[in-house]
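The values are calculated or read from the model by the stated rules, or taken from the named source; none is laboratory data. None of these values were measured; they are calculated from a predicted model. As a convention, Cβ positions derive from the backbone with ideal geometry for all residues, glycine included, and neighbour counts pool all protein chains shown. Note: accessible area is taken over every heavy atom of the protein model, side chains too, but ligands, DNA and RNA are not part of it. Shrake-Rupley method; radii C 1.70, N 1.55, O 1.52, S 1.80 Å.
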Amino acid sequence: MQADHKRHFKFDWITILLFLILLFFGWINIISASTTGEITSYLDLNQPYGKQLLYIFLTFGLIAVILAIEAKFYERFASIIYLVSLLSLVGLFIFGKEVNGALSWYGIGSITIQPAEFAKFATALAIAKYISDLETDLKTIKDQIKSVLIITIPALLILLQNDTGSMLVYASFFFVFYREGIQQVYLIIGIVLILIAVLSIKFGVLITVGTFAAIILAIYFLLRKKKIQIIQLISVFLLISVMSVAVKYVYQTVLKPHQKDRIELWLRLEKDPEKLREMRQTILYNLNESEKAISSGGIKGKGFMEGTRTTGKFVPEQHTDYIFSTVGEEWGFLGSAFVVIVFVLLIVRILFLAESQKTQFSRVYGYGVASILFFHFTINIGMVMGLIPTIGIPLPLFSYGGSGLWAFTIMIFIFIKLDANKVNEW
């Protein structure tokens, strides 16, 4: 017991400050995006900004609990936390509440909880626990498969609930694997698979297969002095051909109409001007209004609660997935750049701290946190600006909602606790 009293903790106040800046500025923008008239009370629980303020108050209590728990608890019970998160995802198929077509919520009176948000940090803990095990070697196929399974199980459960956006976040764990020594060939394979998918949908199977056949022939003639085996190249060609056919089949027969329409618009597949105009007025309505709101902000923005498109509710879901459009309209380029810079600083700071950890568990978990934040931040802002297809994932600490806010808070402050404890590690 005396040893416990001698333990010291050095909290990283830079990370905490960046967290608080994003939290406060996010709430300010929720006020603009959700107000319907004069504000009589910021604690009006009938309004999103009132509920979000309550969530923020509860968040500080949550932070106190996280920091009060012994740091080793998170490593010791990582597997149990992960299993509980899986059970919460499975339970949705029985007790879940469907919202916007996704069976992703538990309804408790007027409150809804989204387990998928909490499953992200639980998976990060589980990955950190497994990789840091002395018997784990990510250079072996066996351990690579087990690591991928830890990620795949919650991702599949979330996909079955029709929450594609949350499912895709699990791809961010590849950065963790890459940092921990997984072979570079997987990075190359990943890039090639993305190219096959895009080319197959955009130009068709024949052109895709023909293009890769030309590349394989070029590689053969360039490297024939190294006696590269022709059978290997033929195997690669056949695998690419099968992948191309599979992608085209999934696109044409498996994807839902609204998913296909978004991909068609992103890849500019639709050539009929009339149909394209119709699609833009329906499928891309949110995006078009979001782009107009952002562009209307100019350099300095229109000012707090002065955005005409924001207060006019032109952008649906503006206080959730499209919250960044409010930033663009009311705070302009300067405000948008400020948000981007703060997010980048937070992610870079977490990566910097992760590299300074004395235990592999803390380092791997830190990289997991940074990767999830980076994925959410990049995809959400890219989606709002029309750079990538609409996926539907929130902007961390900005978008309205208790589940997302609490899940990101838990995720970040567990790492802050682990980092603070490194002064006690040997």
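Given their separation in residues at 0.36 nm each and the Cα-Cα distance between them, residue 269 and residue 39 gain 78.3 nm when the chain is fully extended.
The solvent-accessible area of residue 319, taken with every protein chain present and a 1.4 Å probe, is close to 50 Å².
Rank these by accessible area, largest first, 1.4 Å probe: 13, 331, 406.
Result, largest first: 13, 331, 406.
Could you let me know the centre-to-centre spacing of segment 235-249 and segment 34-109, using Cα atoms, in angstrom? Between the Cα centres of segment 235-249 and segment 34-109 lies a distance of 42 Å. Rolling a 1.4 Å probe across all protein chains gives residue 130 an accessible area of roughly 50 Å².
Computed from backbone phi, the HN-Hα couplings of segment 286-293 come to 4, 5, 4, 5, 5, 5, 5, 5 Hz, rounded to whole numbers (Karplus: 6.51 cos²θ - 1.76 cosθ + 1.60, θ = phi - 60°; Gly and Pro given as x).
When 86, 103 are compared by accessible surface with a 1.4 Å probe, the order from highest to lowest is 103, 86. Here segment 1-147 is treated with +1 on each Lys and Arg Cβ and -1 on each Asp and Glu Cβ, and its dipole about the Cα centre works out to around 300 debye.
Filter the cross-link list 72/139; 146/422; 260/300; 120/260; 142/358; 256/300 down to pairs whose alpha-carbon distance in this structure exceeds 31 Å. Don't skip to the answer; put the middle values down first.
On the way: 72/139 27 Å; 146/422 28 Å; 260/300 37 Å; 120/260 27 Å; 142/358 26 Å; 256/300 41 Å.
In this structure, 260/300; 256/300 exceed 31 Å between Cα atoms.
Determine the gain in length on full extension of the stretch residue 231-residue 95; use 0.36 nm per residue of separation and subtract their C-alpha separation, reporting nm with one decimal. Numbers along the way, then the final one.
Details: separation 136, 0.36 × 136 = 48.96 nm, distance 5.26 nm.
Residue separation times 0.36 nm, minus the Cα-Cα distance, leaves 43.7 nm.
Specify whether the C-alpha gyration tensor of the chain places it in the rounded, prolate or oblate class, a ≥ b ≥ c being the square roots of the eigenvalues: rounded for a/c under 1.5, otherwise prolate if a/b is larger than b/c and oblate if not. The shape class here is oblate. Couplings 3J(HN,Hα) of segment 81-93, computed from phi: 4, 5, 5, 4, 5, 5, 4, 5, 6, 5, x, 4, 5 Hz, in residue order, whole Hz [Karplus 6.51 cos²θ - 1.76 cosθ + 1.60, θ = phi - 60°; x for Gly and Pro].
Remark: the residue 159-residue 334 segment gains 59.3 nm on full extension, using 0.36 nm per residue and subtracting the alpha carbon distance.
When you restrict to C-alpha pairs under 8 Å that are six or more residues apart and normalise by the size of the chain, the relative contact order lands at 27 percent.
Altogether, the Stokes-Einstein calculation at 37 °C and 0.692 mPa s, with the Kirkwood radius of segment 1-130 over Cα pairs as Rh, returns a diffusion coefficient of 184 µm²/s. For the residues 27, 105, a 1.4 Å probe over the protein chains yields an accessible-area ranking, largest first, of 105, 27.
Each Lys and Arg Cβ is given +1 and each Asp and Glu Cβ -1; about its Cα centre, the chain then shows a dipole of about 1280 debye. Projecting the Cα atoms of 195, 217, 183 onto the charge dipole of segment 173-266 (Cβ charges, centred on the Cα centre) puts 217 farthest toward the positive pole. Accessible surface computed residue by residue for segment 1-144, with neighbouring protein chains in place and a 1.4 Å probe, gives 56 Å² per residue. Considering segment 57-201 at the alpha-carbon level, its Rg and Dmax are found to be 17.4, 52 Å. In this structure residue 21 has an accessible area near 50 Å², from a 1.4 Å probe over the protein heavy atoms.
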